[in-house]
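In what follows, a structure is listed as structure tokens, so that the remarks can point back to it.
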Ligand SMILES: [Fe+2]
């Protein structure tokens, strides 16, 4: 991964990432990775709603797959969100019960830092997300094009050292859930496009991020942090888009220039 910053006076990357740097090293820094899948789409939603959907696990009820293989199992609820400075976050690793949905185990070929059938989701604030389902990593990047148009790029990642058989397995695991016609991704896109359409038409004026569950998976604390941090960057309180706060960091000005959409 290559990180680029357009400003001079920024802290070193590791300092910006804070506690997330250790997770990045665990999952990205141990073996050479390789992108084996790429697709992109312009979807009709605001970029924040795609981050939002990826980040809040209450939305897992949307997916039949996740209801059966994750939410329905006690162990799913026995882990926490880890929240870091600058609104980076990661959910602790949970085990997905693929057998509950008639899918094969993901125990062989687990990526660095992953236990068999494990899954983690992480946000590098503001617009890069990494999902790992044991054998395959998905990297999402969001680029806002207009208030209701977002370019999303998806990359599927395995190990550079993969044998052809292992690579074929990773491709299958990637596509069955996250490919353009996978089990989950089309549902996520339908959700965020409908959400935006409803907001634009005035169907819902506010989103509520009120769930407090002791940082358990369906706690909204990570989303509250996301919108607070974004509000700080823009000089706006997230609960009142018309009130400008006293934000005294010049970061807000440059971000406002390019993302005031
Ligand atoms: Fe989803």
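The values are calculated or read from the model by the stated rules, or taken from the named source; none is laboratory data. Small disclaimer: the values here were computed from a predicted structure and weren't measured. So basically every Cβ, Gly included, is an ideal-geometry build from the backbone, and we count neighbours across all protein chains shown.
Hey, any hits in region 142-157 for a residue that's over 20 Å from residue 76 (Cα atoms), touching a helix residue (DSSP H, G or I) at 6+ places or on another chain (Cβ under 7 Å) and free of Cβ contacts under 8 Å to residues at least 12 places away in the same chain?
Checked against the condition, which is being over 20 Å from residue 76 (Cα atoms), touching a helix residue (DSSP H, G or I) at 6+ places or on another chain (Cβ under 7 Å) and free of Cβ contacts under 8 Å to residues at least 12 places away in the same chain, region 142-157 yields no hits at all.
If you check residue 107 against the conditions, is it at pLDDT below 95, within 27 Å of residue 224 (Cβ to Cβ) and either under 14 Å from the mean Cα position of the chain (by Cα) or assigned to a loop (DSSP other than H, G, I, E, B) (or both)?
Numbers: at pLDDT below 95: yes; within 27 Å of residue 224 (Cβ to Cβ): no; either under 14 Å from the mean Cα position of the chain (by Cα) or assigned to a loop (DSSP other than H, G, I, E, B) (or both): yes.
Considered against the rule, which asks whether it is at pLDDT below 95, within 27 Å of residue 224 (Cβ to Cβ) and either under 14 Å from the mean Cα position of the chain (by Cα) or assigned to a loop (DSSP other than H, G, I, E, B) (or both), residue 107 comes out as no.
Go through (1) within 21 Å of residue 109 (Cα to Cα); (2) assigned to a helix (DSSP H, G or I); (3) within 16 Å of the ligand (Cβ to nearest atom) one by one and return the number of the condition residue 138 breaks.
Of everything listed in (1) within 21 Å of residue 109 (Cα to Cα); (2) assigned to a helix (DSSP H, G or I); (3) within 16 Å of the ligand (Cβ to nearest atom), residue 138 misses just condition (2).
Check off (1) in a loop (DSSP other than H, G, I, E, B); (2) within 13 Å of the ligand (Cβ to nearest atom) for residue 45 and give me the number that stays unchecked.
Answer for residue 45: the failing condition is (2).
Being modelled with pLDDT of 95 or more, more than 21 Å from residue 188 (Cβ to Cβ) and touching a helix residue (DSSP H, G or I) at 6+ places or on another chain (Cβ under 6 Å) is the requirement here; does residue 113 meet it?
Here the answer is yes, as residue 113 does meet what is asked.
Taking the condition in a helix (DSSP H, G or I) and either closer than 29 Å to residue 34 by Cα or touching a helix residue (DSSP H, G or I) at 6+ places or on another chain (Cβ under 7 Å) (or both), does residue 167 pass? Even if it seems obvious, please write down each step before you answer.
On the way: in a helix (DSSP H, G or I): yes; either closer than 29 Å to residue 34 by Cα or touching a helix residue (DSSP H, G or I) at 6+ places or on another chain (Cβ under 7 Å) (or both): yes.
Criteria met by residue 167.
Considering 40, 79, 68, which residue is touching a residue at least 12 places away in the same chain (Cβ under 8 Å), part of a loop (DSSP other than H, G, I, E, B) and away from the ligand (no atom under 13 Å from the Cβ)?
Details: 40 fails: part of a loop (DSSP other than H, G, I, E, B); 68 fails: part of a loop (DSSP other than H, G, I, E, B).
The unique qualifying residue is 79.
Is region 221-235 home to any residue that is assigned to a loop (DSSP other than H, G, I, E, B) and surrounded by fewer than 15 Cβ atoms within 10 Å (Cβ to Cβ)? So that I can check it myself, show each step before the final result.
Going residue by residue through region 221-235, those that are assigned to a loop (DSSP other than H, G, I, E, B) are 235.
Within this subset, residues satisfying the condition of being surrounded by fewer than 15 Cβ atoms within 10 Å (Cβ to Cβ) are none.
No, region 221-235 contains no residue that is assigned to a loop (DSSP other than H, G, I, E, B) and surrounded by fewer than 15 Cβ atoms within 10 Å (Cβ to Cβ).
Please work out if residue 80 is closer than 18 Å to residue 26 by Cβ and either out of contact with any strand residue (DSSP E or B) (no Cβ under 7 Å at 6 or more places or on another chain) or surrounded by 20 or more Cβ atoms within 10 Å (Cβ to Cβ) (or both). Spell out the reasoning first.
Numbers: closer than 18 Å to residue 26 by Cβ: yes; either out of contact with any strand residue (DSSP E or B) (no Cβ under 7 Å at 6 or more places or on another chain) or surrounded by 20 or more Cβ atoms within 10 Å (Cβ to Cβ) (or both): yes.
Considered against the rule, which asks whether it is closer than 18 Å to residue 26 by Cβ and either out of contact with any strand residue (DSSP E or B) (no Cβ under 7 Å at 6 or more places or on another chain) or surrounded by 20 or more Cβ atoms within 10 Å (Cβ to Cβ) (or both), residue 80 comes out as yes.
Could you check how many residues of region 146-189 are within 16 Å of the ligand (Cβ to nearest atom) and over 21 Å from residue 60 (Cα atoms)?
Total meeting the criteria: 1.
Take region 118-136 and flag every residue that is touching a helix residue (DSSP H, G or I) at 6+ places or on another chain (Cβ under 9 Å) and closer than 22 Å to residue 162 by Cβ.
119, 120, 130, 131, 132, 133, 134, 135, 136
Does residue 26 satisfy being in a helix (DSSP H, G or I) and within 16 Å of the ligand (Cβ to nearest atom)?
So residue 26 fails the test.
Sort through 186, 180 and tell me the only one that's part of a loop (DSSP other than H, G, I, E, B) and either farther than 22 Å from residue 90 by Cβ or under 19 Å from the mean Cα position of the chain (by Cα) (or both).
On the way: 186 fails: part of a loop (DSSP other than H, G, I, E, B).
Residue meeting the stated conditions: 180.
Can you name the residue in region 190-210 that is touching a helix residue (DSSP H, G or I) at 6+ places or on another chain (Cβ under 7 Å) and over 20 Å from residue 42 (Cβ atoms) and, of all such residues, is farthest from the ligand (Cβ to nearest atom)? Outline the logic, then answer.
We begin by selecting, within region 190-210, every residue touching a helix residue (DSSP H, G or I) at 6+ places or on another chain (Cβ under 7 Å); these are 191-192, 195-196, 204, 209.
Among the residues that remain, those that are also over 20 Å from residue 42 (Cβ atoms) are: 204, 209.
On the way: 204: 20, 209: 17 Å.
Checked region 190-210; the qualifying residue farthest from the ligand (Cβ to nearest atom) is 204.
Kindly indicate which of 16, 50 is buried (at least 17 other Cβ atoms within 10 Å of the Cβ), closer than 17 Å to residue 129 by Cα and within 16 Å of the ligand (Cβ to nearest atom).
Values: 16 fails: within 16 Å of the ligand (Cβ to nearest atom).
Answer to the check: 50.
Just checking, which of 213, 197 is surrounded by fewer than 16 Cβ atoms within 10 Å (Cβ to Cβ), touching a residue at least 40 places away in the same chain (Cβ under 8 Å) and farther than 27 Å from residue 2 by Cβ? I'd like the intermediate steps shown before the answer.
On the way: 213 fails: touching a residue at least 40 places away in the same chain (Cβ under 8 Å).
The conditions single out 197.
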